[in-house]
Amino acid sequence: MYLIVYGISLTTAIVNSHDRSEYRSDCCGYPGVRGANQSIALIYGLTDKPPVAEAIFVAFQHVLAAFVGIITPPLIICSSLGLDAANTSYLISMSLFASGICTFIQCKRIGPVGSGLLSLQGTSFAFLGPILGVGTVALQSGKTPEQALALIFGVCFFGSFVEIILSRFLHLMNKIITPVVSGTVVMIIGLGLIKTGITSLAGGAGALAKNDGSFGSWQNLALGGSVLLIVVVLTLSKNRFLRMGAIAIGLAVGYIASLFLGLVNFSSLGTLPLFSLPIPFRYGMSFDWAAFAPFILLYVLTAIETVGDLTATSAVSGEPVKGSLYVRRIKGGVLGDGVNSLIAAVLNTFPNTTFSQNNGVIQMTGVGSRYVGFFVAGIFAILGLLPVVGGVFQATPQPVLGGATLVMFGSIAVAGLNIVSSAGMDRRSMIIVAVSLGLGLGVVFMPQIFANKPALFNNLFGSAISTGDLTAIMLSWLLPQDLAASPAAATVED
């Protein structure tokens, strides 16, 4: 199950990182990497220490692979909440800074916390839908955007304990959280976010609320469509660097075009401080059980996703994907995810998770040394202390962001399809996927069905992710295994 997106910044890297067709079941019911025992041509292994110049060069490639995925969720959330430029810049800065701190913990392995692999941490797309839902409900109830953030960070803070505790019991989940469930969840995440992407492409929620004709204007559609087209064309390129940099290049071209169209406003940059120091709980913290309910399930699924991500990282780093060392790293990595999400909430940003697209960078560079991760962590932390970085990206026009994220969200859905198909489709699997997609996407298309329902019920079933995920898990638990003996095609014939 992939959320990265853990990230998600480079289209091809995302698809590759989610592609479970190269996996087989090895641990915790989650796919392991096929052929992990085969020799892997590495220039520097996990414990090797490359020269500083080489380490920094490789580190920048990892940064570029993860950068867009880290800053995109806070950009979307801040836009939806209507936050001003200063607060948006601050949240983007804290997302980068937290990614630096959390990457260091994951690579260093402090006590039992962390995998000790070259594994990057970044803002998770999986939580985007529920966070937007909590924020929207908070605003509708009369709260300010800052108060909505306090609720979001409070829910994420306490939710991280779910993953922390779960990291000790991963071996008990393999019969329920199967690849079919994981893949279905990933599909729902991607499909559920497409509405957010297409809204941004047309001008964003702000333009839609104004109802002044700017939403869906020809200019917005042309700009967002051009970014989308650039990403698609570069993704089809035979040059691997163009493929890996498709989204970053698309965003850059769209940004430059927006400058010439006068759509980028840099007026807020002059008001930003030179340095942005982390202020724990800057927006305070509040909590609500109704808002918290959907996050419980998401942290469970995030833990399972991390198992797959770290398994892939172990394989491409030439490390074992079974045995006591492997299991210890997996449990430490999931524990690290939970601890890092807690740290992220304290630092005023959103849940962190393992970014698996960087596995492609390991394969491309032949460098699996965890010491490179320390340089990556330092780069992210420094960028997070410079508000101008967040300010520049805060000025990104919505159509440009939408043109890129639409591809990213679609890639998540395709990644989920790959996971499901790699596991094989029998009658039981088909029922799980069909019912979960139907209910999960149904609440997105017709949210009015929950009108006048209790707040707890509305929050638990009001998003595609929570409804679809819970449905998939319950069906995986309750449906008899003997259904799997019948091929999926028999259902059509019946």
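All of the numbers you see were taken from the coordinates with simple rules; none came from a lab. Worth saying up front: this structure is predicted, and the values here are computed from it rather than measured. Using ideal geometry, Cβ is built from the backbone for each residue, glycine included, and neighbour counts are taken over all protein chains shown.
For every other residue with a beta carbon closer than 14 angstrom to the beta carbon of residue 433, add +1 if it is Lys or Arg and -1 if Asp or Glu, then tell me the sum. Computed value for this residue: 0.
Counting neighbouring beta carbons within 10 Å and listing from fewest to most, the residues 329, 168, 427 come out as 168, 427, 329.
Among the helices of the chain (complete DSSP H runs), which have Cα atoms covering no less than 27 Å along the helix axis and a Kyte-Doolittle mean of at least 0.0?
Details: long enough: 52-81 (42 Å, 1.82); 85-108 (34 Å, 0.91); 145-166 (32 Å, 1.68); 179-201 (32 Å, 1.62); 289-316 (41 Å, 1.37); 324-346 (33 Å, 0.71); 398-423 (37 Å, 1.38).
Going by DSSP H runs, the hits are 52-81, 85-108, 145-166, 179-201, 289-316, 324-346, 398-423.
Dipole size of the chain about its Cα centre, with +1 on Lys/Arg Cβ and -1 on Asp/Glu Cβ: approximately 540 debye, rounded to the nearest 20. Placing pseudo-labels 7 Å out from each Cα toward the beta carbon at residue 325 and residue 84 gives an inter-label distance of 5.5 nm.
Using a ≥ b ≥ c from the Cα gyration tensor of the stretch 315-360 (square roots of the eigenvalues), is it rounded, prolate or oblate, where a/c under 1.5 gives rounded and otherwise the larger of a/b and b/c decides, a/b for prolate? The partial results should precede the final answer.
On the way: a/c = 5.05, a/b = 1.80, b/c = 2.81.
Since a/c reaches 1.5 but b/c is at least a/b, the shape of the stretch 315-360 is classed as oblate.
Amide hydrogen proximity for residue 120: with H placed 1.01 Å from N in the peptide plane, the residues at 5 or more positions away or on another chain lying under 5 Å are 355. If you count Lys pairs in the chain whose Cα atoms are under 23 Å apart, skipping same-chain pairs closer than 8 places in sequence, the total is 9.
Reducing the stretch 366-386 and the stretch 205-259 to their Cα centroids gives an inter-centroid distance of 28 Å. Here 218, 289 are placed in order of increasing Cβ neighbour count within 10 Å, fewest first, which gives 218, 289. Neighbours of residue 47 by Cβ distance under 15 Å: Lys/Arg scored +1, Asp/Glu scored -1, total +3.
Sort 285, 94 by Cβ crowding within 10 Å, fewest neighbours at the top. Write out the running numbers ahead of the final one.
On the way: 285 19, 94 24.
Ordered from fewest to most neighbouring Cβ atoms within 10 Å, 285, 94 come out as 285, 94.
The alpha carbon gyration tensor of the chain gives principal lengths a ≥ b ≥ c with a/c below 1.5, which makes the shape rounded. Counting Lys and Arg as +1 and Asp and Glu as -1 over every other residue whose Cβ lies under 14 Å from the Cβ of residue 136, the net charge comes to +1.
Can you give the relative contact order of the chain as a percent, counting alpha carbon pairs under 8 Å and 6+ residues apart?
Numbers: 1048 pairs, mean separation 172.6, N = 494.
Over the chain, the number comes to 35 percent.
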